[in-house]
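Trainee: Handing you this structure, nothing more for now.
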Amino acid sequence: MASVTEKILKEHLKEGELESGKEISIKIDQTLTQDATGTMAYLEFEALGVPRVKTELSVSYVDHNMLQTDFRNADDHDYLKSVAAKFGVLFSRPGNGICHQVHLERFAAPGKTLLGSDSHTPTAGGVGSLAMGAGGLDVALAMGGAPFTFNTPKIIGVKLSGKLQPWVSAKDVILELLNMLKVKGGVGKVFEYFGDGVPTLSVPERATITNMGAELGATTSVFPSDDKTREYLKMQKRESDYVELKADSEADFAEIIELDLSKIEPNVAKPHMPDQVCKVTELEGKKVNQVIVGSCTNSSYRDLMTVALALKGRKVHPGISFCVLPGSRQVYETIARNGALADLISSGARILESACGPCIGMGQAPRSGAITVRTFNRNFKGRCGTQDAEAYLVSPETAAAIALNGVFTDPRKLGDAVEIPAASPVIDDGMIIRPPEDGSNIEIVRGPNIAPLPDLKAVEDRIEKEVLLKTGDNITTDHIMPAGAKILPLRSNIPAISEFVYVNVDPEFPKRAKEKHGGFIIGGENYGQGSSREHAAIAPLYLGLKAVIAKNFARIHKANLVNWGIVPLEFEKPEDYDNVDQGDVLVLENLRDGIKNGKVKVLNKTKGNEFVALCELGEKSKDVLLAGGSIMYAK
């Protein structure tokens, strides 16, 4: 008897035992990268010296750094194209679409493991794939044939019953869960959906839910593979990928959360966190300046058709700047051929290219002090590109209602539900370049923006350094290493991008870190939540960061710190956090033995006291950390 998650883990298990919290290593079937993290991932893969990827399938997508305001992004695109050809990776060209949407359409398969250098990789859980986000170095190692190491998650069953009301959608379901569990409610867990409500949800709806499970801090989220999955794969001309996968019984789950879909109402996540959820009715009439439909969460055929049909024959409110981003070229061409694109254009929508765009602050920043409403997955402060704007997260249905009325509006006021015609997608993989059988003669293109990796060395036994910064709870990787049109093009240049570490929290941080020759950071709860960007570890490492001592960590960021030889420690007593301040000088004695034993004694020389910090890692992860990170360990 087993859940879907357990069945896939058992089939792929290489090391360890499937006991909650224990370290395991599993075989990875597929990998994906995107250009903002992929340039570094492939530089790391090159450093491994492996002549060709060893996975069943690896795909390199270009969807983040799409603004070509100078040579840097275009240079990186050509680097990715050439390195994909050399090492046996499929290359999804700029304009082909957002990695998660395209992967769901063309490659994700039930029962397969997928590791992606993007935190929203669990989108593929919508078809019953065990899909997890990770740092680029973990993905590089997986491409080289190494298993992926992580802690066995606790498997939570989410029992769905009933059916969604008209104008209520999957986005409202995941916002309901975020309201219940909050942004750290899924740490160390997999959310597996089952119950009579599951067959009422299409694969794109399921993928919306698994996509935003990342905001819970979950290891991943997964749906069973059933008739709806077969129907979707058949539509994509991939029916041969179908296998049935379902949990054997309710007893297979560590605990169960019950959700009645029929009772869910349209929800909104308020600034500046995805778990600040309320009902749309609570904001009724509040003025809005901008509405954007898109992102890897809500840019499917189903989502865009819903908006197009709601707006057909109507005009967007004159006070609203309204943008739409199709998630893939398949979606874009399909709505172009069936007339829905024309309806959107006629309504007053600005149509953006199939890319991440505004979700990562890459264009379409709202005006100062704006209220911007988005169908995205994150609304962290400043992520939209405007520091004093307030970003709200909604469903496509709610976005359509707001676009028409200029204020927060319950979409159920739009009248009769729209009927979405069955999809007849345009299947054309012409913008996915397959690698040659032998790439040994391919020359890798390297633009001047690509810089070498920072120097790596084993963890020292004694470190005496200053606390460079003390943060509060729920610090995101956007806080640590911001995104946006100015900074993202520097993802392959660590010395340059390190100048922006923590600048939106403390503009003096990079300068201070260099003057002090590195040091420590003190963090609160859920340190490092959000994006999987390993630059939030590599750039601080370049500035000399030696260790982060926090109340606890988000999974992917903690793994990224280990991968790059930065010591992640947790206060044994949370109250000790209150007794450390920025500027305090800390001494970590006998650090290597402390890491091995799981307890490190920390002397605060400034205040004259001591406390204990825990190093809660599996044995393999400890060995990786002591070696100075995964590259040093692999060598």
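The values are calculated or read from the model by the stated rules, or taken from the named source; none is laboratory data. On a predicted model such as this, the values are computed, not experimentally measured, just so you know. Neighbour counts run over all protein chains shown; Cβ positions are idealised from the backbone, glycine included.
Trainee: Could you identify the single residue in T398, T375 that is within 30 Å of Y527 (Cα to Cα) and of a type outside the set (G, A, S)?
Mentor: Of the residues listed, the single one that is within 30 Å of Y527 (Cα to Cα) and of a type outside the set (G, A, S) is T375.
Trainee: I would also like to ask the following. Spot the failing condition for K10; the list is (1) touching a Pro at 6+ places or on another chain (Cβ under 9 Å); (2) basic (K, R); (3) free of Cβ contacts under 8 Å to residues at least 24 places away in the same chain, and only one is missed.
Mentor: Looking at each condition in turn, K10 falls short on (1).
Trainee: Now for a different question. For segment 158-175, which residues satisfy the criterion of being buried (at least 20 other Cβ atoms within 10 Å of the Cβ) and out of contact with any helix residue (DSSP H, G or I) (no Cβ under 6 Å at 6 or more places or on another chain)? Step through it out loud before you land on a result.
Mentor: Just the residues of segment 158-175 that are buried (at least 20 other Cβ atoms within 10 Å of the Cβ), to begin with: 158, 160, 167-175.
Those that are buried (at least 20 other Cβ atoms within 10 Å of the Cβ) and out of contact with any helix residue (DSSP H, G or I) (no Cβ under 6 Å at 6 or more places or on another chain): V158, V168, D172, L175.
Trainee: Of everything in segment 215-263, what is more than 27 Å from M1 (Cβ to Cβ), among the small types (G, A, S) and crowded, with 17+ Cβ neighbours inside 10 Å? Give them in sequence order.
Mentor: Matches in segment 215-263: G217 only.
Trainee: Residues of segment 142-173 being hydrophobic (A, V, I, L, M, F, W, C) and either part of a helix (DSSP H, G or I) or under 19 Å from the mean Cα position of the chain (by Cα) (or both), which ones? Please lay out each step first, then the result.
Mentor: To start, the set of residues in segment 142-173 that are hydrophobic (A, V, I, L, M, F, W, C) comprises 142-143, 146, 148, 150, 155-156, 158, 160, 164, 167-168, 170, 173.
Once the filter is applied, which keeps residues that are hydrophobic (A, V, I, L, M, F, W, C) and either part of a helix (DSSP H, G or I) or under 19 Å from the mean Cα position of the chain (by Cα) (or both), segment 142-173 yields A142, M143, F148, F150, A170, V173.
Trainee: Among the residues of segment 558-577, is any in a loop (DSSP other than H, G, I, E, B) and out of contact with any Gly (no Cβ under 9 Å at 6 or more places or on another chain)?
Mentor: Step one: list which residues in segment 558-577 are in a loop (DSSP other than H, G, I, E, B), which gives 564-566, 572-573.
Subsequent filtering for residues that are out of contact with any Gly (no Cβ under 9 Å at 6 or more places or on another chain) retains 572-573.
The answer is yes; a qualifying residue exists.
So that you can scan it fast, the table gives a plain yes or no per residue for (1) of a type in the set (F, W, Y); (2) in contact (Cβ under 8 Å) with a residue 40 or more places away in the chain; (3) at negative phi; (4) out of contact with any strand residue (DSSP E or B) (no Cβ under 7 Å at 6 or more places or on another chain):
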| position | (1), (2), (3), (4) |
| --- | --- |
| N563 | no, yes, yes, yes |
| P574 | no, no, yes, yes |
| E610 | no, no, yes, no |
| K620 | no, yes, yes, no |
| I631 | no, yes, yes, yes |
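Trainee: Follow-up question, since we're still on this one. If I filter segment 592-607 for residues that are within 21 Å of A142 (Cα to Cα), in a helix (DSSP H, G or I) and among the polar types (S, T, N, Q), do I get at least one hit? Before you say what the answer is, go through the steps one by one.
Mentor: From segment 592-607, those within 21 Å of A142 (Cα to Cα) are none; that's our starting set.
The answer is no, given that none of the residues of segment 592-607 is within 21 Å of A142 (Cα to Cα), in a helix (DSSP H, G or I) and among the polar types (S, T, N, Q).
Trainee: Please enumerate the residues belonging to segment 340-369 that are buried (at least 19 other Cβ atoms within 10 Å of the Cβ) and farther than 16 Å from G294 by Cα.
Mentor: D343, S347, listed by residue number.
Trainee: Also, I was wondering about something else. Suppose we filter S621, S532 for residues that are polar (S, T, N, Q), buried (at least 24 other Cβ atoms within 10 Å of the Cβ) and under 30 Å from D35 (Cβ atoms); which single one remains?
Mentor: Values: S621 fails: buried (at least 24 other Cβ atoms within 10 Å of the Cβ).
On inspection, the qualifying residue turns out to be S532.
Trainee: Criterion first (surrounded by fewer than 19 Cβ atoms within 10 Å (Cβ to Cβ), touching a residue at least 12 places away in the same chain (Cβ under 8 Å), out of contact with any helix residue (DSSP H, G or I) (no Cβ under 8 Å at 6 or more places or on another chain) and not small (G, A, S)) does R434 satisfy it? Show your work before the answer.
Mentor: Working: surrounded by fewer than 19 Cβ atoms within 10 Å (Cβ to Cβ): yes; touching a residue at least 12 places away in the same chain (Cβ under 8 Å): yes; out of contact with any helix residue (DSSP H, G or I) (no Cβ under 8 Å at 6 or more places or on another chain): yes; not small (G, A, S): yes.
Answer is yes for this residue.
Trainee: Among E192, E176, which is part of a strand (DSSP E or B), of a type in the set (D, E, K, R) and at pLDDT 95 or above?
Mentor: Working: E176 fails: part of a strand (DSSP E or B).
Unique residue meeting the criteria: E192.
Trainee: Scan segment 395-425 residue by residue and report those that are surrounded by fewer than 15 Cβ atoms within 10 Å (Cβ to Cβ) and either of a type in the set (A, V, I, L, M, F, W, C) or on the phi < 0 side of the Ramachandran plot (or both). It would help to see each step written out before you state the result.
Mentor: We begin by selecting, within segment 395-425, every residue surrounded by fewer than 15 Cβ atoms within 10 Å (Cβ to Cβ); these are 413, 415-416, 419, 421-422, 424.
Answer for segment 395-425, where residues must be surrounded by fewer than 15 Cβ atoms within 10 Å (Cβ to Cβ) and either of a type in the set (A, V, I, L, M, F, W, C) or on the phi < 0 side of the Ramachandran plot (or both): K413, D416, E419, P421, A422, S424.
Trainee: Among the residues of segment 494-512, write down those that are under 23 Å from M66 (Cβ atoms) and either of a type in the set (G, A, S) or surrounded by 20 or more Cβ atoms within 10 Å (Cβ to Cβ) (or both).
Mentor: I494, A496, I497, F500
Trainee: Conditions first: (1) surrounded by fewer than 24 Cβ atoms within 10 Å (Cβ to Cβ); (2) acidic (D, E); (3) within 16 Å of Y301 (Cα to Cα); (4) touching a residue at least 60 places away in the same chain (Cβ under 8 Å). E390 passes all but one, so which condition is the exception?
Mentor: (3)
Trainee: Residue pairs, Cβ under 8 Å, 6 or more apart or interchain, first in segment 230-246 and farther than 21 Å from E192 by Cα, second assigned to a helix (DSSP H, G or I). List them.
Mentor: As it stands, the answer is Q236/E105; Q236/R106; R238/R106; E239/R230; E239/L233, since those pairs meet every condition given.
Trainee: Moving on to the next point. Say whether the condition of being at pLDDT below 95 and either part of a helix (DSSP H, G or I) or under 21 Å from Q68 (Cβ atoms) (or both) is met by at least one residue in segment 374-381.
Mentor: No, the conditions are met nowhere in segment 374-381.
Trainee: Kindly list the number of the only condition in (1) surrounded by fewer than 15 Cβ atoms within 10 Å (Cβ to Cβ); (2) in contact (Cβ under 8 Å) with a residue 40 or more places away in the chain; (3) among the acidic types (D, E) that fails for E282.
Mentor: (2)
Trainee: Taking the conditions exactly as written (more than 22 Å from H120 (Cβ to Cβ), at pLDDT 95 or above and either of a type outside the set (V, I, T) or crowded, with 17+ Cβ neighbours inside 10 Å (or both)), does A85 satisfy them or not?
Mentor: Details: more than 22 Å from H120 (Cβ to Cβ): yes; at pLDDT 95 or above: yes; either of a type outside the set (V, I, T) or crowded, with 17+ Cβ neighbours inside 10 Å (or both): yes.
For A85, the condition - more than 22 Å from H120 (Cβ to Cβ), at pLDDT 95 or above and either of a type outside the set (V, I, T) or crowded, with 17+ Cβ neighbours inside 10 Å (or both) - is met.
Trainee: Also, I was wondering about something else. Of the residues E515, E460, E466, only one is over 22 Å from A140 (Cβ atoms) and surrounded by 18 or more Cβ atoms within 10 Å (Cβ to Cβ); which? If you could, list the steps in order and put the result at the bottom.
Mentor: Numbers: E515 fails: surrounded by 18 or more Cβ atoms within 10 Å (Cβ to Cβ); E460 fails: surrounded by 18 or more Cβ atoms within 10 Å (Cβ to Cβ).
Selected residue: E466, the only one of E515, E460, E466 that is over 22 Å from A140 (Cβ atoms) and surrounded by 18 or more Cβ atoms within 10 Å (Cβ to Cβ).
Trainee: Out of the residues in segment 1-46 meeting the condition of being crowded, with 17+ Cβ neighbours inside 10 Å and among the small types (G, A, S), tell me which one is farthest from G135 (Cα to Cα).
Mentor: Here the answer is S3.
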